[in-house]
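Here's the structure, in structure tokens; my notes come after.
The values are calculated or read from the model by the stated rules, or taken from the named source; none is laboratory data. Keep in mind that what you see is a predicted model, and the values were worked out from it rather than measured. Every residue, glycine as well, gets a Cβ built from its backbone with ideal geometry; the counts of neighbours run over all protein chains shown.
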Amino acid sequence: MSYAANQLMNSVKNKNTLSALIKQIRSLVEGARYNVARNINKEILNTYWQVGKHIVEYEQAGNIKATYGKQLLINLSKELSLELGKGFSRSNLSYMRLFYQRYQKSEAVSHKLTWSHYFELLKIVCFK
């Protein structure tokens with residue numbers, strides 16, 4: 001085999017090997033990205049469910065039914081927004097509370113849905 005043919009063959013072999021390596025790395029990175037997104041979603045749902053639970057338990061103060069203080073969510077929103085940043089508007093806290101009330105067993109929460117999905121579902125429930 002000539003030198004040029006040998007170089008061409010090595011070049012083709014290296015491209016196939018490099019192509020396979022790139023495909024493996026791409027698959028690995030894409031899988032990791034998917035797992036990260038799934039775990040973030042799971043943590044967000046668990047956190048918002050817990051926030052809702054804490055609000056409901058605080059409002060009920062050991063009673064079966066809550067005596068809603070209109071100012072609670074407003075004051076809570078102001079403090080949490082100052083300390084933690086965006087995402088704690090009165091409206092959002094209200095939906096977190098409703099999220100817990102509608103799904104009191106955390107096992108009922110599907111991690112296949114995102115907070116945005118639940119948010120939209122809760123709006124339908126609230127305004128029906």
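When restricted to residues that are under 17 Å from the mean Cα position of the chain (by Cα) and closer than 18 Å to Q50 by Cβ, region 98-128 contains 15. Taken over region 76-125, residues that are within 21 Å of E57 (Cβ to Cβ), free of Cβ contacts under 8 Å to residues at least 60 places away in the same chain, assigned to a helix (DSSP H, G or I) and not aliphatic (A, V, I, L, M) amount to 15.
Conditions tested, residue by residue: (1) exposed (fewer than 13 other Cβ atoms within 10 Å of the Cβ); (2) modelled with pLDDT under 95; (3) not charged (D, E, K, R).
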{"position": "R26", "(1), (2), (3)": "yes, yes, no"}
{"position": "Y34", "(1), (2), (3)": "yes, yes, yes"}
{"position": "A37", "(1), (2), (3)": "yes, yes, yes"}
{"position": "L45", "(1), (2), (3)": "no, yes, yes"}
{"position": "E59", "(1), (2), (3)": "no, yes, no"}
{"position": "Q71", "(1), (2), (3)": "yes, yes, yes"}
{"position": "Y103", "(1), (2), (3)": "no, yes, yes"}
{"position": "V109", "(1), (2), (3)": "no, yes, yes"}
{"position": "F127", "(1), (2), (3)": "yes, yes, yes"}
